[in-house]
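Worksheet: the structure to be examined is printed underneath.
The values are calculated or read from the model by the stated rules, or taken from the named source; none is laboratory data. Predicted, not measured: the structure shown is a model, and the values here were computed from it. Because the Cβ atoms are built from the backbone with ideal geometry, glycine has one as well, and the counts that use them run over all protein chains shown.
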Amino acid sequence: MDGTKTFDIMKLNDDELKSLMDELKTGLTVSEARNLHQRILGRAPTLAELVLFGIQGSEHSSYKSSRPYLKLFHTDGEDVIIGAKEDAGIIRITKDNEGNGYGIVMSHESHNHPSQIVPYEGAATGVGGNIRDVCCMGGTVVALANDLRFGELSDGHNRWLLDQVVAGLGGYANPCGIPTVAGGLQFDQDYSGNTLVTAVTLGAIREADIIHSYAPANANGYDLILVGKPTDNSGFGGASFSSFSLSEDQPELNKGAVQEPNAFLGRHLMHATEHLIAILREKNLIDKVACKDLGAGGIACATVEIADGGNYGCFVNLDLVPVADSEIEDYVILCSETQERYLWAVPKEITPLILDHFNNTFALGEIAYNAKATVIGYITDEQNYVVVAKNKTLVNAKAYEVTKGFLYNRPLGELKKRTFTEPPKERDVNIKEMWFSILDDENVASREVVYEQFDKQAQGLVVFETGVADVGIFKAFSDLEYPPEIRNVGVTLTCDQNPRYNKIDAYQGAALAVLASFTNTVVTGATCVALSDCLCYGNPENPDSMREFEQGCRGVADTAKELGIPIIAGNVSLYNESNGITIPPSPMISVLGKLDDVSYAIPMGFKKENSIILLIGERKEECGGSIYYNKLGYLGNSIPNPDKQELLRASKVLNKLAKEKMILSSHDISEGGLAVTLSEMAFVNNIGANLEKSPSLRDDYYLFSESLGFVLEVEPNNLERVENAFKEGDVVCYRIGQTTKDKAISYDSTSIDLLKAKEIWQNGLRDKLI
């Protein structure tokens, strides 16, 4: 169909209009279509305009239901260079001796619906888009993480989804030569039918090399240069597809909305972009250009956003766009989400340099058919967004009207705390059997079967891999091109979220996702410097789902603010439901940390025999949402409610002691409680432990409660110094045992055979995937 065809919206009744919008797959509601005709354009819209405003007005692109709540987030800070407002956020990590700043670019995105429908391609393109978000800001990509949620593994389809998603993540990241340093993985029956795939990408950047995603001052007449793969029809309508609930009776219709990845072209473009930035730096042109990744909405969204971001308009000629098929309709060319593409806005005098760089020096056409850099339009002082093809106008609207989308004030359900059945207070639990059962649980067992599929040492940056410390730890500025005084600065990355907590309490569950990422980070001796999130929730048109989202936002915002961590990146993913089943509220949190020197980093595993084991954080009867209660067949209510200020004080003491190298090993307490924490510490070097019996708490609560805290290993001759440091920091510190030469973890009359427990833990997930 011709994209210039117009539709007189006002002549249609509501039923006719809804039927038309569904037939055209615009994603617009009846009221939005009427608003477009009457208020925004003042005339009958073209097909291209209907599709464009449907994409830009979708939840995925415009955050039309979530914007008011995202304003709760604290996004500024002394070292925040760019908060959550461009393609990626940037936090300053260090300065050299001359005062030059160096930062980390952070992008966090979800690719949930695509990964449910076409899991390999959905996951791979999620990574690809994340990488381009970092590249277009001027960053050199140095690390990846992923946080995944699937339905129960007893369902063969969920096992297939996991296999394909992991293959897709590695299938893009590994060829690109980027280490995967961290991640998370949870299984819960309520994710069946709606897998969550979220990805975090980090880049190293000189503060002077930052490229913005909007046209700079005096950009009138700038050329718009499209770089990368020729446009095809893959991914058309992807943003709208991600903004509706999934329906299993339409899988084939949905597949067309998923993009097709090309990791090798992605890697080539990544390196070409890095080289171009070096040239622009040398010529003092960094502040004269702008760049955007082509993600949701393709050419349309990239061109209008790069123009409107600088308070400009632009003119785009689709006849100049390289295509993979000459039969593609003009409005599809405009809005297709073809992968491996960037958009540059540059002065005309720089255009020949850009074209030559991509087309000749890096010979894009030799990497992929018809891939190239091409001028497709220009920036204008007028604020209109104009798109033409074959001498016909497809779009003519104010650029700011296109980008602002629509805004909804959705009704919120009643604020109420759900109450779940608790197990009987008096129960006879075999501690040893429960200990082994929890280690075997797919939500606790070793994730090696997953992360062994990722390249974890690419670029030679990684210091501690996942499993050696609670977080991935790497040196982002270790290359010789950086000043020697910053090369040993360490960066940490972690992800967290527990769906069971969020089922019980959406606010506290979100707070705990932040706190768990915080404790994961600080237990290594690092300082938390930035946070990102992917807020994955159900249908916003459902007041109860919208209330869960509102509570989740408040939980994240309040906790991050109290801990002093700015939120610099993230996204919102709504309509995560399939055939009426809604996912648990899922605020997927990632925290970035900093070590002044990586030599301060504290590993997770016990290092020596006969050292002292310390506990930071009181054990409480907080088993709601725990693995333990789950094993008993209950969800419960008593989820952890830690003292945030005490955790903050503990983090400062840990940071100080790490720099003094007073702590041999450390691990946070989370899923599985103290029993799992001690086990994982013992497994690393096969060093046993003798744990003293709790003087006040029942054995099952003491061992399996998931109250937040830390376990530390300290040499006896350093014990007094460590205990005094926590006392001075107003943090309670308990001696709870010591490491031993025995290959066992002993508690009262219970003895856990270390090698047997380790085998169970190592194979708990692997065996379930066979």
Report whether or not Tyr451 is farther than 22 Å from Ser107 by Cβ and of a type in the set (Phe, Trp, Tyr).
no
Given the criteria of a type in the set (Lys, Arg), touching a residue at least 24 places away in the same chain (Cβ under 8 Å), touching a helix residue (DSSP H, G or I) at 6+ places or on another chain (Cβ under 7 Å) and on the phi < 0 side of the Ramachandran plot, does Arg427 qualify?
no
Take the stretch 122-181 and flag every residue that is within 17 Å of Gly193 (Cα to Cα) and among the aromatic types (Phe, Trp, Tyr).
Phe150, Trp160
Residue by residue through the stretch 595-615, note down the ones that are of a type in the set (Phe, Trp, Tyr) and buried (at least 21 other Cβ atoms within 10 Å of the Cβ).
Phe606
For residues that are outside any loop (DSSP other than H, G, I, E, B) and surrounded by fewer than 19 Cβ atoms within 10 Å (Cβ to Cβ), scanning just the stretch 616-631, find the one that is farthest from the chain's Cα centre (by Cα).
Lys631
Report whether or not Tyr408 is among the aromatic types (Phe, Trp, Tyr), part of a loop (DSSP other than H, G, I, E, B) and closer than 30 Å to Gly54 by Cβ.
yes
Out of (1) touching a Lys or Arg at 6+ places or on another chain (Cβ under 8 Å); (2) of a type in the set (Val, Ile, Thr); (3) surrounded by fewer than 23 Cβ atoms within 10 Å (Cβ to Cβ), the one Thr338 does not meet is (3)
Just need a number here: residues in the stretch 671-711 that are among the charged types (D, E, K, R), over 21 Å from Thr739 (Cβ atoms) and under 34 Å from the mean Cα position of the chain (by Cα).
2
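Here is a yes/no grid of residues against (1) in contact with a Cys (Cβ under 8 Å, 6 or more places away or on another chain); (2) hydroxyl-bearing (Ser, Thr, Tyr); (3) crowded, with 24+ Cβ neighbours inside 10 Å:
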residue	(1), (2), (3)
Gly101	no, no, no
Gly122	no, no, yes
Thr125	no, yes, yes
Asn158	no, no, no
Residues satisfying the stated conditions in the stretch 384-416, i.e. exposed (fewer than 11 other Cβ atoms within 10 Å of the Cβ), at pLDDT below 90 and of a type outside the set (A, V, I, L, M):
Lys416
Number of the condition not met by Asn690 [criteria: (1) part of a strand (DSSP E or B); (2) touching a helix residue (DSSP H, G or I) at 6+ places or on another chain (Cβ under 8 Å)]:
(2)
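Matching residues to (1) surrounded by 17 or more Cβ atoms within 10 Å (Cβ to Cβ); (2) modelled with pLDDT under 95; (3) assigned to a strand (DSSP E or B):
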residue	(1), (2), (3)
Val375	yes, no, yes
Lys432	no, no, no
Trp435	yes, no, no
Ile438	yes, no, no
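Is it the case that some residue within the stretch 562-569 is part of a helix (DSSP H, G or I), modelled with pLDDT of 95 or more and not aliphatic (A, V, I, L, M)?
yes
Being in a loop (DSSP other than H, G, I, E, B) and within 23 Å of Ala182 (Cβ to Cβ) narrows it down to one residue among Gly77, Gly103; which is it?
Being in a loop (DSSP other than H, G, I, E, B) and within 23 Å of Ala182 (Cβ to Cβ) holds for just one of Gly77, Gly103, which is Gly77.
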Hey, among the residues in the stretch 179-230 that are of a type in the set (A, V, I, L, M) and surrounded by fewer than 22 Cβ atoms within 10 Å (Cβ to Cβ), which one's farthest from Glu121 (Cα to Cα)?
Ala217
Filter result (among the β-branched types (Val, Ile, Thr) and in a strand (DSSP E or B)) within the stretch 742-770:
Ile745, Thr750, Ile752
Residues being in a helix (DSSP H, G or I), more than 19 Å from Asp188 (Cα to Cα) and hydroxyl-bearing (Ser, Thr, Tyr): count how many of those fall in the stretch 489-525.
4
Residue within the stretch 649-660 that is in contact with a Ser or Thr (Cβ under 6 Å, 6 or more places away or on another chain) and assigned to a loop (DSSP other than H, G, I, E, B) present
no
Scanning the stretch 477-497 for residues that are touching a Ser or Thr at 6+ places or on another chain (Cβ under 8 Å) and surrounded by 24 or more Cβ atoms within 10 Å (Cβ to Cβ), the one nearest to Pro584 (Cα to Cα) turns out to be Gln497
Suppose we filter Asp96, Asp22, Asp15 for residues that are charged (D, E, K, R) and under 31 Å from the mean Cα position of the chain (by Cα); which single one remains?
Asp96
For the stretch 703-710, indicate whether the set of residues that are in contact with a strand residue (DSSP E or B) (Cβ under 8 Å, 6 or more places away or on another chain), touching a residue at least 12 places away in the same chain (Cβ under 8 Å) and of a type in the set (Phe, Trp, Tyr) is non-empty.
yes
Just to be sure before I move on: is Ser61 of a type in the set (S, T, N, Q), exposed (fewer than 15 other Cβ atoms within 10 Å of the Cβ) and not in a loop (DSSP other than H, G, I, E, B) in the structure I sent?
no
Determine, yes or no, whether Gly538 is closer than 22 Å to Met604 by Cβ and either assigned to a loop (DSSP other than H, G, I, E, B) or modelled with pLDDT under 95 (or both).
no
Look at the stretch 387-424 and say how many of its residues are in contact (Cβ under 8 Å) with a residue 40 or more places away in the chain and either charged (D, E, K, R) or in contact with a Leu (Cβ under 7 Å, 6 or more places away or on another chain) (or both).
19
Mind checking whether some residue in the stretch 578-594 is of a type in the set (Ser, Thr, Tyr) and not in a strand (DSSP E or B)?
no
Residue selected from the stretch 729-770 under the condition touching a residue at least 24 places away in the same chain (Cβ under 8 Å) and acidic (Asp, Glu), by the criterion nearest to Ile438 (Cα to Cα):
Asp748
Regarding the stretch 714-724, can at least one residue be identified that is more than 29 Å from Ile438 (Cβ to Cβ), outside any loop (DSSP other than H, G, I, E, B) and among the acidic types (Asp, Glu)?
yes
